Amino acid sequence: MSDQTHMLAGHDLAPGDEEQHSVGARILGYVVGLALALLLTATSFFIAGTDLVWQPSIPVALIVLAIAQMGVHLVFFLHITTGPDNTNNVLALAFGLLVVFLVVGGTVWIMSHLNANMPPMDQIMPMRR
Amino acid sequence: MLGKLDWSAIPFDQPIPLIAGAVVLVGILAVLAWVVVKGHLPYLWHEWITSVDHKRIGVMYILLASVMLLRGGSDAIMMRIQQAVAYQSQGYLPPEHYNQIFSAHGTIMIFFVAMPFVIGLMNLIVPLQLGVRDVAFPTLNSVGFWLTATGALLVNLSLVIGEFARTGWLAFPPLSELSYSPGVGVDYYAWSLQISGVGTLVAGINLVTTVLKLRTKGMNYLRMPMFCWTTLASNLLIVAAFPILTATLAMLLLDRYLGFHFFTNEAGGNVMMFMNLIWAWGHPEVYILVLPAFGIFSEVVSTFSGKALFGYRSMVLATMAICVISFMVWLHHFFTMGAGPDVNAIFGIASMIIAIPTGVKIYNWLFTMYGGRIRFATPMLWSIGFMVTFIIGGLTGVLVAVPPADFMLHNSMFLVAHFHNVIIGGVLFGAFAGFEYWFPKAFGFRLDERWGKLAFWFTFFGFYVTFIPLYVAGMLGMTRRMQHYDVAAWRPWMLVAAVGMAVLTIGVICQIMQIVVSIRNREALRDRTGDPWDGRSLEWATSSPPPVFNFAFNPDVRGEDAYWDMKAHAKQQSHEHDAPEYHDIEMPRNSPTGFVCAFFATIMGFALIWHIWWMVVLGGIGAFATFVVFAWRDHDEYVIPAEEVAAIDRVNLAERRDLVSMAGTV
Ligand code: HEM
Ligand SMILES: [Cu+2]
């Protein structure tokens with residue numbers, strides 16, 4: 001958003017449009033992505049059932065692996081990069097993440113507080129009779 | 001064969017909807033007959049129905065909104081009369097009918113008046129302001145419009161075939177669940193919103209992409225007119241929020257059609273989740289509506305003050321801040337649901353914070369006017385009227401955003417007064433300002449100022465007389481949506497409000513008169529220069545109405561207020577262009593995709609409402625086939641040869657040269 005006077009439209013491409021690499025290079029990209037994705041998936045399944053690691057760390061490991069999986073998808077399949085031609089896509093992603101975070105986080109927070117104005121259970125139960 | 005549909009669906013025992021429906025039907029048939037007999041059908045088909053021109057689509061959106069405004073307005077008149085007479089009596093509307101009216105009124109006013117009006121104005125103007133020839137997805141744009149029209153059609157169909165929801169404009173469960181609303185009313189509501197919701201989402205995607213991707217040379221983000229910024233913010237909100245609405249209504253429909261239990265009282269359903277989700281869409285929605293209006297006021301105030309917008313960058317910042325914060329306040333619609341003081345306090349404070357960027361905007365408009373040479377033309381009157389009215393609405397908003405106060409005021413007439421105060425004073429006044437301001441651009445002639453001013457004053461005062469009493473009634477404890485009441489203290493205020501409604505109606509009549517009179521006098525009101533208001537942004541740099549291709553040359557932008565700069569330069573050099581060299585221009589071909597798609601969507605929606613399953617399949621296949629045919633099309637563009645471009649543009653340049661030389665002599 002600097003004071004550049006050239007046509008911005010020409011410099012900000014849709015995902016997938018930007019690199020005019022050879023077909024071979026592009027296929028390689030997808031293959032690497034697929035391999036990484038499969039690897040991460042396999043690891044998740046392995047970790048979930050193993051007793052090789054400290055048990056409480058399993059959920060954390062799964063979360064980390066899931067986030068890595070998203071990263072792989074974004075980079076290799078959706079072609080989100082940090083290059084200057086990708087500002088819009090990155091911003092759109094950030095906005096989307098922010099909204100999802102606000103709505104999901106807010107919902108969980110709200111829904112878990114909805115009984116706040118109720119008397120405790122042991123006071124309600126006698127009242128029901 | 002016909003699912004739930006049979007003769008009992010036609011309300012023969014209720015004269016009001018039947019007569020209204022008959023009158024409308026006769027009206028539509030008469031217009032159709034006139035069109036066919038006069039041989040206008042091909043024109044209508046080629047120039048409008050299949051048009052993918054953003055200007056035409058914008059105009060059709062606004063036409064839809066205006067027609068639906070009359071329908072929603074009739075509902076309003078009926079409700080005001082009912083509450084004026086239903087003191088210790090049943091009035092003239094039985095409860096089940098009254099409930100349908102307030103539900104239809106809210107649904108129509110938000111989804112089929114406010115939304116199409118602002119989307120129409122954005123479609124019409126934003127590409128012109130950006131200095132480009134088209135939107136990003138022209139055919140998709142047409143699909144969006146026609147799906148919105150489908151939704152409107154289904155809502156109106158419910159008047160004569162079956163019934164409409166009696167659940168209020170957001171259809172809260174458990175009332176909207178099958179056990180309490182077994183009829184087709186809620187289904188009419190939900191399916192029309194699902195279908196038009198797709199249309200809105202499509203429109204949002206199209207406009208976001210247009211602003212981000214299609215800007216003319218030199219039009220970087222910080223040179224875009226304010227209206228483009230608010231368009232961006234509003235459509236980002238559409239893209240982010242409308243899926244929530246769709247998902248929520250889909251869950252409600254699953255409950256109703258397939259026995260799910262998302263929002264039921266039994267089997268682990270949670271009614272409160274519906275409130276939570278619907279308002280997670282609902283609060284952003286009010287900003288989807290009001291942000292474009294803010295943009296319109298920015299344009300109008302700076303044009304009619306003859307000054308650049310004060311604090312442009314703070315305005316951009318305020319717009320984007322509102323865009324984000326509007327996703328952090330939704331709980332203020334259900335403080336009373338019992339989330340407790342921690343949650344309520346946080347959301348209450350967030351709600352008050354959103355008033356800050358809004359306040360920034362108000363001050364910016366005031367400072368834009370300060371020291372300016374203000375012309376009190378009709379668009380400017382609506383803008384000033386807005387500033388006064390919206391401040392009151394915003395203040396009462398902050399008031400109900402205080403949780404303890406809201407426990408008193410929630411769902412009272414005070415709340416009704418608050419949101420009408422912001423929606424009429426903000427969105428509708430904005431839509432009217434935009435309508436008056438850009439009408440010459442769309443049609444090539446100005447609107448009659450005398451009738452326009454009358455319309456403003458009647459609407460302005462009519463608004464206050466109608467809605468200030470509702471604040472009082474709310475303070476006196478009157479709740480919303482009452483079909484009748486026995487409290488003597490409320491009666492006088494309801495009578496005053498009814499009088500106000502009459503004044504408002506005169507305002508609407510003046511508005512209609514204004515259009516009629518202006519069309520009659522169009523030759524005298526002709527705008528030959530394309531720049532009737534001495535405008536500042538690029539939509540005024542082309543003729544009125546603009547040619548299909550908007551600009552013969554993509555303008556070269558060198559700063560804010562692009563067209564103002566160009567005029568200043570032209571004055572110095574005493575000519576606008578040296579004999580320019582014209583090029584061929586490629587434009588998208590018209591396409592019936594949108595209309596045909598919506599035709600099948602209408603069939604499908606109707607069939608879903610009445611459980612006519614074979615027809616659902618038919619409509620579904622038709623809509624999908626339309627899409628496939630469009631996706632496999634061969635050529636989608638046509639070329640306007642350079643000579644034709646030149647011929648069209650030279651006329652405009654000649655008129656404009658006169659304007660500039662005249663401006664030089666004054
Ligand atoms: C200063 C900014 C605003 C604040 C703090 C605010 C606050 C509130 C609050 C707390 C409520 C819920 C009250 C209740 O249910 O008891 C409410 C309702 C409402 N507001 Fe606002 N508001 C603001 C601006 C707006 C704007 C700009 C619009 C629309 C353009 C709007 C439209 C509505 C609507 C439609 C409702 C009622 C919906 C319903 O219950 O049916 N508000 N507002
Ligand atoms: Cu709200």
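The values are calculated or read from the model by the stated rules, or taken from the named source; none is laboratory data. Treat the numbers as computed from the prediction; the structure is a model and nothing was measured. When we count neighbours, we look across all protein chains shown, and the Cβ atoms used for this are built from the backbone with ideal geometry, even at glycine. Note: accessible area is taken over every heavy atom of the protein model, side chains too, but ligands, DNA and RNA are not part of it. Shrake-Rupley method; radii C 1.70, N 1.55, O 1.52, S 1.80 Å.
Please indicate, with yes or no, whether at least one residue in region B:185-203 is of a type in the set (A, V, I, L, M, F, W, C), at pLDDT 90 or above and within 26 Å of B:Lys361 (Cβ to Cβ). Yes, there is a match, as at least one residue in region B:185-203 is of a type in the set (A, V, I, L, M, F, W, C), at pLDDT 90 or above and within 26 Å of B:Lys361 (Cβ to Cβ).
Restricting attention to region B:393-411, which residues are more than 14 Å from every other protein chain (Cβ to nearest Cβ) and away from ligand 2 (no atom under 16 Å from the Cβ)? The one that is more than 14 Å from every other protein chain (Cβ to nearest Cβ) and away from ligand 2 (no atom under 16 Å from the Cβ): B:Met408. For region B:280-300, the tally of residues that are open to solvent by less than 10 Å² (accessible area, probe 1.4 Å), more than 11 Å from ligand 1 (Cβ to nearest atom) and more than 14 Å from chain A (Cβ to nearest Cβ) stands at 5. Evaluation of B:Tyr221 against the conditions (1) open to solvent by 20 Å² or more (accessible area, probe 1.4 Å); (2) away from every other protein chain (no Cβ under 14 Å) shows that the sole unmet condition is (2).
Taking region B:599-647 as the range and being among the hydroxyl-bearing types (Ser, Thr, Tyr), under 30 Å from B:Glu581 (Cα atoms) and open to solvent by less than 30 Å² (accessible area, probe 1.4 Å) as the test, no residue passes. The condition of being more than 14 Å from chain B (Cβ to nearest Cβ) and over 19 Å from the mean Cα position of the chain (by Cα) holds for only one of A:Gly71, A:Gly33, A:Gly49, that being A:Gly49.
So is B:Ala339 touching a helix residue (DSSP H, G or I) at 6+ places or on another chain (Cβ under 7 Å) and either open to solvent by 10 Å² or more (accessible area, probe 1.4 Å) or away from chain A (no Cβ under 14 Å) (or both) or not? Even if it seems obvious, please write down each step before you answer.
On the way: touching a helix residue (DSSP H, G or I) at 6+ places or on another chain (Cβ under 7 Å): yes; either open to solvent by 10 Å² or more (accessible area, probe 1.4 Å) or away from chain A (no Cβ under 14 Å) (or both): no.
In short, no.
No other residue among B:Leu395, B:Leu331, B:Leu399 is within 11 Å of ligand 1 (Cβ to nearest atom) and in contact (Cβ under 8 Å) with a residue 40 or more places away in the chain apart from B:Leu331.
Apart from one condition, B:Ile423 fits all of (1) surrounded by fewer than 23 Cβ atoms within 10 Å (Cβ to Cβ); (2) farther than 18 Å from B:Ile110 by Cβ; the exception is (2).
Screening region B:76-163 for helices (runs of 4 or more DSSP H) wholly inside it with 2 or more residues that are in contact with a helix residue (DSSP H, G or I) (Cβ under 7 Å, 6 or more places away or on another chain) and of a type in the set (Ser, Thr, Tyr) returns the ranges B:95-107, B:138-157.
With respect to the conditions (1) open to solvent by less than 30 Å² (accessible area, probe 1.4 Å); (2) more than 18 Å from the chain's Cα centre (by Cα), B:Cys228 falls short on a single one, namely (2). Each residue in region B:231-250 was checked for being crowded, with 18+ Cβ neighbours inside 10 Å and in contact with a Leu (Cβ under 8 Å, 6 or more places away or on another chain), and 13 pass.
Taking each residue of region B:363-375 that is open to solvent by 80 Å² or more (accessible area, probe 1.4 Å) and looking for partners that are not in a loop (DSSP other than H, G, I, E, B) with beta-carbon atoms closer than 6 Å, six or more apart or interchain, yields B:Arg375/B:Phe304. Within region B:527-543, the set of residues being within 27 Å of the chain's Cα centre (by Cα) and either aromatic (Phe, Trp, Tyr) or open to solvent by 20 Å² or more (accessible area, probe 1.4 Å) (or both) comprises B:Pro532, B:Trp533, B:Asp534, B:Trp540, B:Ala541, B:Ser543. Taking region B:350-392 as the range and being within 14 Å of chain A (Cβ to nearest Cβ) and either more than 16 Å from ligand 1 (Cβ to nearest atom) or small (Gly, Ala, Ser) (or both) as the test, the residues that pass are B:Ala350, B:Ser351. Return yes or no: is B:Arg491 out of contact with any His (no Cβ under 8 Å at 6 or more places or on another chain), part of a loop (DSSP other than H, G, I, E, B) and open to solvent by 40 Å² or more (accessible area, probe 1.4 Å)? Considered against the rule, which asks whether it is out of contact with any His (no Cβ under 8 Å at 6 or more places or on another chain), part of a loop (DSSP other than H, G, I, E, B) and open to solvent by 40 Å² or more (accessible area, probe 1.4 Å), B:Arg491 comes out as no.
Among the candidates B:Thr303, B:Thr264, which residue alone is of a type outside the set (D, E, K, R) and surrounded by fewer than 22 Cβ atoms within 10 Å (Cβ to Cβ)? Spell out how you get there, then give the answer.
Working: B:Thr303 fails: surrounded by fewer than 22 Cβ atoms within 10 Å (Cβ to Cβ).
Selected residue: B:Thr264, the only one of B:Thr303, B:Thr264 that is of a type outside the set (D, E, K, R) and surrounded by fewer than 22 Cβ atoms within 10 Å (Cβ to Cβ).
In the set B:Ser158, B:Ser179, B:Ser192, only one residue is open to solvent by less than 40 Å² (accessible area, probe 1.4 Å), more than 19 Å from the chain's Cα centre (by Cα) and not aromatic (Phe, Trp, Tyr); that residue is B:Ser158. Across region A:83-100, the qualifying residues are those that are small (Gly, Ala, Ser) and within 9 Å of chain B (Cβ to nearest Cβ), and the one among them that is surrounded by the fewest Cβ atoms within 10 Å (Cβ to Cβ) is A:Gly96.
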